[in-house]
1. Of everything in the range 101-115 that's open to solvent by 30 Å² or more (accessible area, probe 1.4 Å) and modelled with pLDDT under 70, which residue is farthest from Lys142 (Cα to Cα)?
2. Any idea how many residues of the range 121-156 are at pLDDT below 90, among the hydroxyl-bearing types (Ser, Thr, Tyr) and open to solvent by less than 30 Å² (accessible area, probe 1.4 Å)?
3. I'd like the full set of residues that are open to solvent by 40 Å² or more (accessible area, probe 1.4 Å) and either of a type in the set (A, V, I, L, M, F, W, C) or within 21 Å of the chain's Cα centre (by Cα) (or both), limited to the range 166-186.
4. Does any residue in the range 35-61 that is more than 13 Å from Gly121 (Cβ to Cβ) come within less than 7 Å, Cβ to Cβ, of a residue that is of a type in the set (Phe, Trp, Tyr) and assigned to a strand (DSSP E or B) six or more places away or on a different chain, and which pairs are these?
5. Mind listing just one residue for me: the one in the range 222-238 that is under 33 Å from the mean Cα position of the chain (by Cα) and not hydroxyl-bearing (Ser, Thr, Tyr) and, of those, most open to solvent (accessible area, probe 1.4 Å)?
6. Which residues, taken from the range 206-221, are within 19 Å of Ala235 (Cβ to Cβ) and either open to solvent by 90 Å² or more (accessible area, probe 1.4 Å) or part of a strand (DSSP E or B) (or both)?
7. Can you tell me which residue within the range 139-189, out of those that are part of a loop (DSSP other than H, G, I, E, B) and touching a Gly at 6+ places or on another chain (Cβ under 6 Å), is farthest from Trp200 (Cα to Cα)?
8. If you go through the range 50-100 one residue at a time, how many are of a type in the set (Ser, Thr, Tyr) and open to solvent by 40 Å² or more (accessible area, probe 1.4 Å)?
Amino acid sequence: MKKLFSIFLAVLMLTLVLVVPAASADTIPVKEVFSKNLKVSDISCRFERRDDPSNPGAIGTMWVEMMVKGSKKVAEVMIASWSDSVPEKSRIQEEMEMYSEIWKRSITSFDGKIPFQSGNGFPIRQDNLGTDLYLVMLGMDKNVNAVGYVVLQISVPDDEAKVTSIKLNKSKATLEKGKTLKLKIKSVKPADAKVKEIVWSSSNKKIATVDQNGKVKAKKKGTCVITCTADGVEATCTIKVK
């Protein structure tokens, strides 16, 4: 397991009240992996692109919200750490002891009203994009002792817009035997998506072939389909050779 990233002290000191992310935040897939002595529900996660002077290198903030209920001992929930692999339970136990001591230095007690809505944010960096992060959240009692935890799996979105559809310069064409035609991608959606890989293929190479530059060559009489695959998205052109 790779080394756990420590949460910045300023974020750790936040008491968990309802946090309202900016309207531009995107909803992110999140699920509970396992927990101990901490019952949560209605978990949600949002990613907000924002500058954060307190966290150099951060490109945005991930906000996690949940309902906490059913445990009289738990009075608050705090983010402890996150990693790019499932954390070991023995390591979480160590964190419970460590963060109890850290938080007691600045927090004297929690109000302990159950159930409550909790929420907190943590910084996201460029190398976190397109990966799964495993977030450890500790349940604290009124006296700021860690008495439980929950581990969440969060799928951080990729930064780049992905290709959803493409259009070729021709959808059908008629060629004489021996003639050639140059096919190319005319448009891509969304407009800001960048195509990384293009593969050309022919449904029948005996009728017409196509190279990886989109150049079609008519071979013999018949009909075939030329397919362009751009980052897994396809567009076709029907070729008739006469």
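The values are calculated or read from the model by the stated rules, or taken from the named source; none is laboratory data. Every value quoted in this text rests on a predicted model; they were computed, and no experiment measured them. Neighbour counts are summed over all protein chains in view; Cβ atoms, including those assigned to glycine, are modelled from backbone coordinates with ideal geometry. Quick note on the areas: whole protein, heavy atoms, side chains included, nothing else; ligands and nucleic acids left out. Shrake-Rupley method; radii C 1.70, N 1.55, O 1.52, S 1.80 Å.
1. By that ranking, first place goes to Pro115.
2. Residues meeting the conditions: 0.
3. If the condition is that a residue be open to solvent by 40 Å² or more (accessible area, probe 1.4 Å) and either of a type in the set (A, V, I, L, M, F, W, C) or within 21 Å of the chain's Cα centre (by Cα) (or both), then Ile185 is the only one that fits.
4. Between residues of the range 35-61 that are more than 13 Å from Gly121 (Cβ to Cβ) and residues that are of a type in the set (Phe, Trp, Tyr) and assigned to a strand (DSSP E or B), the close pairs are Ser35/Tyr149; Lys36/Tyr149; Leu38/Tyr149.
5. Once the filter is applied, the top-ranked residue is Glu234.
6. Ala208, Thr209, Val210, Gln212, Asn213, Lys215, Val216
7. My answer is Lys142.
8. Residues flagged as of a type in the set (Ser, Thr, Tyr) and open to solvent by 40 Å² or more (accessible area, probe 1.4 Å) within the range 50-100 amount to 2.
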